[in-house]
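Peer 1: Please find one structure pasted underneath; my questions will follow.
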Amino acid sequence: MVSKSEHIFRTGQDYISKYTNEILQKSPNNCLLPLTSKTTEDDFLEIGECNIKDLVEKFGSPLYILDEKTLRTSCKQYRDNFKLYYKGSSQVIYASKAWSCLSVVGIIATENLGFDVVSGGEFHTVQIAMSKLGYSEIEIANRVYFHGNNKSLDELELAIKANCNIVVDNWLELQNLVELGSCLPEKSIRILLRLTPGIECHTHEYIKTGHVNSKFGFNLNDFETVINYVIKQKVLNCRGLHSHIGSQIFEKQPHRDLAFILVKLLKKSQELGLTLSELNIGGGLGISYTSDDNPPSIEEWVKNVSESVMEACLDSNLSFPKLIAEPGRSLIGSAGVTAYTVGSRKEIPGLHTYLAIDGGMSDNPRPITYQSLYSILIGNKMSEKITETFIIAGKHCESGDIIIKDAQLPQTHTGDILVVMGTGAYNYSMASNYNRIPRPAAVLVNHGEANLIVRRETYDDLVKQDCLPQRLLPNCIL
Ligand SMILES: *Cc1c(COP(=O)(O)O)cnc(C)c1O
């Protein structure tokens, strides 16, 4: 296998050739481009057998492009590998905050995954998508895990009424649930408890902390008190424990440590008189944004988590719980790209050349928010040699609206199609209307078919929520 860092990108096409190597292509989260990416004879990028030029002509620019095959492959890899490596029951649930819309939820539902929702709005999206696909209310409820560190009373009522799983974050929420459920039959509210295990992951570092500083979840010092409280509340049906330790994680040790910590707590809970049957290990597996990134494959991640949980259970003499994982980024990140059109070019002699695109921080706030890195290519010049270095700037009124600081590209001009890779997660879902820029359309591509899954916003959409009180209008109109 060619080591990643040895690979030199001389053309856009190199991003594709690199992953034609079967070993690398096995796990979507390790690929910079969707699995179906190819170069056409006339030198355009093609995804899902759709030519990028045709997509931009038909659906406009900027455009989010989502490859169905890559998304389904990731779902299948998570599902199949849990079946292969974990000798108990398992459920993969999609952290829908990564990209929540009807079609994405629909595809993932048909792949038999469940959903992590963090708000009434994300829950509503799952309810609408799944019921349109013919799933029953019970099926929907069983597949949904409702998260959040400050769920409103309305959200809690919604969750109770739907009878989905609620991942309880804190004391206030426990008390609110007990109050809201006071007239309900015994054990009618299904909950998991979210814990802060003293493991923190930043992108490339991993810290185990004795005391914990996160806004999420119960601290371990409170564990015994929480369990004793929960046991006394007849309406609560506490099924298990949950923890999510971070995102874009490349190491395996944190989840292994987490498995051991959580299994010990399952044991402790049993000793206190509450037997729990579910263990939710969270998400967090990283993806490749640049050729320097080398995350574990989905298979390696699932194997590590499964083996760690089983080992810990054998150590603690516990039967294997239902194991739940909730990946977001690694399920959908590499399935998406964003196509932009190149606009103005500004050369500062002796310094930099800026290339401006027709989007930026409103459709991808990750660079300005987290200094995230991305890879790009020119979708209509796949085999042209890389000769220039640019700063790729967005069109918003912020100097920090820069997508990439040192983009290596072929000669690039106004009208070229610039493709940013790995934008399937946390792009559409974090998009805003900053500068009153309408949010882009999104298309789903597969086998030469391209379907709109999110309509491009119009100027009228932008003022749709605005209200103009009568008293602001000139008197003559009154
Ligand atoms: C964000 C989040 C996830 C998914 O994280 P990824 O890094 O995208 O896999 C899972 N669970 C919870 C509770 C989260 O907040």
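Peer 1: Examine region 327-338 for a residue that is surrounded by 24 or more Cβ atoms within 10 Å (Cβ to Cβ), more than 16 Å from the ligand (Cβ to nearest atom), in contact (Cβ under 8 Å) with a residue 12 or more places away in the chain and assigned to a strand (DSSP E or B), and state whether such a residue exists.
Peer 2: Within region 327-338, one or more residues are surrounded by 24 or more Cβ atoms within 10 Å (Cβ to Cβ), more than 16 Å from the ligand (Cβ to nearest atom), in contact (Cβ under 8 Å) with a residue 12 or more places away in the chain and assigned to a strand (DSSP E or B).
Peer 1: Kindly indicate whether Ser247 is among the polar types (S, T, N, Q), in contact (Cβ under 8 Å) with a residue 12 or more places away in the chain, away from the ligand (no atom under 16 Å from the Cβ) and assigned to a loop (DSSP other than H, G, I, E, B). Reasoning before the result, please.
Peer 2: Numbers: among the polar types (S, T, N, Q): yes; in contact (Cβ under 8 Å) with a residue 12 or more places away in the chain: yes; away from the ligand (no atom under 16 Å from the Cβ): no; assigned to a loop (DSSP other than H, G, I, E, B): yes.
No; evaluated as a whole, the condition is false for this residue.
Peer 1: Follow-up question, since we're still on this one. What single numbered condition from (1) free of Cβ contacts under 8 Å to residues at least 24 places away in the same chain; (2) on the phi > 0 side of the Ramachandran plot fails to hold for Pro474?
Peer 2: (2)
Peer 1: Next up: Only one residue in Ile199, Ile108, Ile191 is touching a residue at least 40 places away in the same chain (Cβ under 8 Å), farther than 28 Å from Val263 by Cα, crowded, with 19+ Cβ neighbours inside 10 Å and not assigned by TED's automatic domain parsing to the domain that holds Val443. Which one?
Peer 2: None of the other options fit; the residue is Ile108.
Peer 1: Moving to a separate point now. Among (1) modelled with pLDDT under 95; (2) within 16 Å of the ligand (Cβ to nearest atom); (3) assigned to a loop (DSSP other than H, G, I, E, B), where does Thr369 come up short?
Peer 2: (3)
Peer 1: Only one of Gly343, Gly394, Gly379, Gly360 is at positive phi and more than 16 Å from the ligand (Cβ to nearest atom). Can you tell me which?
Peer 2: Gly360
Peer 1: Going by what's in this entry, would Glu224 be described as among the acidic types (Asp, Glu) and within 23 Å of Glu307 (Cα to Cα)?
Peer 2: no
Peer 1: Scan region 66-85 and tell me whether some residue there is part of a strand (DSSP E or B) and either of a type outside the set (Lys, Arg) or modelled with pLDDT of 95 or more (or both).
Peer 2: Of all residues in region 66-85, those part of a strand (DSSP E or B) come to 66-67.
Checking the rest, the ones that are also either of a type outside the set (Lys, Arg) or modelled with pLDDT of 95 or more (or both) come to 66-67.
Scanning region 66-85 turns up at least one residue that is part of a strand (DSSP E or B) and either of a type outside the set (Lys, Arg) or modelled with pLDDT of 95 or more (or both).
Peer 1: Also: For region 316-323, indicate whether the set of residues that are in a loop (DSSP other than H, G, I, E, B), closer than 20 Å to Tyr206 by Cα and modelled with pLDDT of 95 or more is non-empty.
Peer 2: Looking through region 316-323, none of the residues is in a loop (DSSP other than H, G, I, E, B), closer than 20 Å to Tyr206 by Cα and modelled with pLDDT of 95 or more.
Peer 1: Let me ask something else about it. In region 427-445, which residues are aliphatic (A, V, I, L, M) and in a helix (DSSP H, G or I)?
Peer 2: Within region 427-445, Met430 is the sole residue that qualifies.
The values are calculated or read from the model by the stated rules, or taken from the named source; none is laboratory data. All values derive from a computational prediction rather than experimental measurement. Backbone-built Cβ (ideal geometry, glycine too); neighbour counts: all protein chains shown.
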